[in-house]
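Please read the structure below before turning to the comments.
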Amino acid sequence: MNDTAERKLILCHLWVAFAAFIVACFMGEYQVLERSGLLPILESPSVYFASVSTHGVLMAFVLTTFFIMGFGYAIASSSLKQPIWNKPLAWGAFWLALFGVVLAAVPLLSGKASVLYTFYPPMVGHAAFYIGATLLVIGSWIWCAIMLIMFTQWKKANPSQNVPLAMFATAANALLWLWASAGVALEVLFQLIPLSLGWTDTIDPGLARTLFAWTLHPIVYFWLIPAYTAFYVFVPKQAGGFLFSDEMARMAFIVLAVFALPIGFHHLYMDPEQASGWKLLHGIGTFIVALPTLVTGFTVIASLEIAGRLRGGKGLFGWLGTLPWGNPMVLAVILSLLMLIFGGFGGIVNASYAMNAMVHNTAWVPGHFHLIFAGTTVIMYFAVAYYLWPLLVRKPLFSNQLALLQLWTWFIGMSILTTPWHVLGLLGQPRRISTVVYNNLLTLAWKPYELMMIFGGLILLGSACLLVYNLVKTQLTPYAEHFTDEIDYAEPIHKVGVLPEYLNGLTVWNKVIAVLMAISFGFPILQFFFMDTFGSSAWGN
Ligand code: HAS
Ligand code: CU
């Protein structure tokens, strides 16, 4: 990353991501306080829902999209050793996406779009919210195009070589996101924007939820793939060893990209608009997409073991002690995998139809996704930030000790926050509620868990401030001469020969996705146009 202009482009993306993140963390703490009912002065359902909607949008769409774009540019330019294709276009995408965020923020913050980050109709918010979100998505599509063009051009110029694993993963994610975002784009363009502008009087929530489910599952893998990329291409080297298998990693990314797409109905198990046969089909796919995560867990732990043994670790678990726990990337991956055990377990419970009936729409679900997204996934975003910042600003990290403290507190805070959420779900607390006003034995049983959540949230807030403090201080320290600015990618333990096209290209997988999507979403969407459906009038704001 020798080019100053490129480093600036990457840094700007990452700063927007973490600025959104820190604002959303303050909102998160306010929300647990408000729900607990402990401070009557805070009680206000309208402020609460404006806050939850903004918090969700900032975390799920702004932090992620900007982080993924910035990280993608860093990977593309460093792993392909090529300048970023069409930098003015990349800047255009950045400003368009940022403008979209500001446009959406106005109605969100003024309570005119308190429709939550899933914006399920017939709730409807101000049109500026949907238009802003659309611009953010269009910005991300331009990023996808740049990634895929760089991927294709490099392959053409280097026909006998394998695409670097990091770029393969990034291109797979770009392809996944182009397919994934089409569902919500159709919903917003043809249903929500016309309704919010008053061009139509009613909306079909069944069709809207089906289109949203098309996006909702793959989007979580769009967020996850950068974390897995760091697992595979940074962690083994940082731990002092080698990647256990390059081919397994590619296979995992392919299965993630292909099978994350046709399975969204596990979000609609309890909805009436799709028949049970389609839900079964999507349910089977949901279990298939858990496999690449198991493969990833295995490969990454095997890579850590190789590193630990090379560093002198003996016995069954002796290698764990010899790992460099003081390296933020290594500490982060261990904590990330620990959170994945229970976060993934929760996912398997959700995916099992009968158990889903028990936990759907309860506090269990935010428990699941805070653990696996804000925990497993976002902790790797921090590790990547600690790794990239010094290379981007060409100065050493301000404090390694603070970085380690920040990662530990994030892990501890997230465990304290999400365990009670899971319990509350089993105790029957609904999700998406503000304060509970009725006091009976059931809601009294919730109280101790709510207190724990406030405490967990406070630790997380402190941890988030530490992250931003460390990054700002790194940027502001005086210039250090001769600081390295090259990303150090992990090498596989066995040299990889020339790979077959299905492990080195995405064209064939794109066709597989097209077929699977036509099967799994074709009829379920088309049926809305051939049967009698009833529209609902807009509700809210
Ligand atoms: Fe999920 C709902 C099913 C993964 C995010 N999920 C959500 C929502 C979000 C989300 C945001 O089937 C809420 C949407 C909303 O607002 O309505 N999810 C799954 C399944 C998986 C899964 C089966 N989810 C994720 C990931 C996310 C995410 C990843 C974000 C990044 N999820 C569901 C379902 C729902 C759902 C239903 C709907 C619920 C409802 O009713 O509304 C799987 O892919 C998970 C597979 C993972 C595993 C874990 C394997 C463990 C490993 C760790 C090994 C480590 C060791 C420790 C041994 C099976 C690999 C090593 C230690 C050392 C020291 C080295
Ligand atoms: Cu899902």
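Residues that are out of contact with any Phe, Trp or Tyr (no Cβ under 7 Å at 6 or more places or on another chain), more than 24 Å from GLY343 (Cα to Cα) and not aromatic (Phe, Trp, Tyr): does segment 378-389 have at least one? Yes, segment 378-389 has at least one match. Answer yes if at least one residue in segment 496-516 is of a type outside the set (Lys, Arg), farther than 30 Å from SER77 by Cα and in contact with a helix residue (DSSP H, G or I) (Cβ under 8 Å, 6 or more places away or on another chain), and no otherwise. Yes, segment 496-516 contains a residue that is of a type outside the set (Lys, Arg), farther than 30 Å from SER77 by Cα and in contact with a helix residue (DSSP H, G or I) (Cβ under 8 Å, 6 or more places away or on another chain). Looking at segment 339-357, which of the residues that are surrounded by fewer than 15 Cβ atoms within 10 Å (Cβ to Cβ) and near ligand 1 (Cβ under 6 Å from one of its atoms) is nearest to GLY308 (Cα to Cα)? Here the answer is ILE341.
Scanning segment 276-283 turns up one or more residues that are near ligand 1 (Cβ under 10 Å from one of its atoms), at pLDDT 95 or above and in contact with a Ser or Thr (Cβ under 9 Å, 6 or more places away or on another chain).
Looking at segment 414-436, is at least one residue under 30 Å from SER77 (Cα atoms), in a helix (DSSP H, G or I) and either in contact with a helix residue (DSSP H, G or I) (Cβ under 7 Å, 6 or more places away or on another chain) or polar (S, T, N, Q) (or both)? No - not one qualifying residue is present in segment 414-436.
Can you pull out every residue in segment 355-384 that is outside any helix (DSSP H, G or I) and out of contact with any Pro (no Cβ under 8 Å at 6 or more places or on another chain)? HIS360, the sole residue that qualifies. Tell me, which residue of segment 501-532 that is of a type outside the set (Gly, Ala, Ser), at pLDDT 95 or above and not in a helix (DSSP H, G or I) is surrounded by the fewest Cβ atoms within 10 Å (Cβ to Cβ)? Applying the filter and picking the extreme gives ASN504.
In this structure, THR215 does satisfy being part of a helix (DSSP H, G or I), out of contact with any strand residue (DSSP E or B) (no Cβ under 8 Å at 6 or more places or on another chain) and at pLDDT 95 or above. If you filter segment 222-271 down to residues that are of a type in the set (D, E, K, R), surrounded by fewer than 24 Cβ atoms within 10 Å (Cβ to Cβ) and assigned to a helix (DSSP H, G or I), you find that the one that is nearest to ligand 2 (Cβ to nearest atom) is ARG250.
Quick one: in segment 358-388, which of the residues that are away from ligand 2 (no atom under 15 Å from the Cβ) and β-branched (Val, Ile, Thr) is surrounded by the most Cβ atoms within 10 Å (Cβ to Cβ)? Here the answer is ILE379.
So that you can scan it fast, the table gives a plain yes or no per residue for (1) modelled with pLDDT of 95 or more; (2) closer than 22 Å to ILE348 by Cα:
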position	(1), (2)
ALA403	yes, no
THR409	yes, no
THR419	yes, yes
ARG431	no, yes
TYR469	yes, no
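For first residues located in segment 294-310 and closer than 10 Å to PHE242 by Cβ and in contact (Cβ under 8 Å) with a residue 60 or more places away in the chain, partners that are assigned to a helix (DSSP H, G or I) and more than 10 Å from ligand 1 (Cβ to nearest atom) and lie 6+ apart or on another chain with Cβ distances below 6 Å form the pairs SER303/PRO236.
The values are calculated or read from the model by the stated rules, or taken from the named source; none is laboratory data. What you are looking at is a predicted structure, and each value in this text was computed from that prediction instead of being measured. Here the Cβ is made from the backbone with ideal geometry for all residues, glycine too, and neighbour counts use every protein chain on show.
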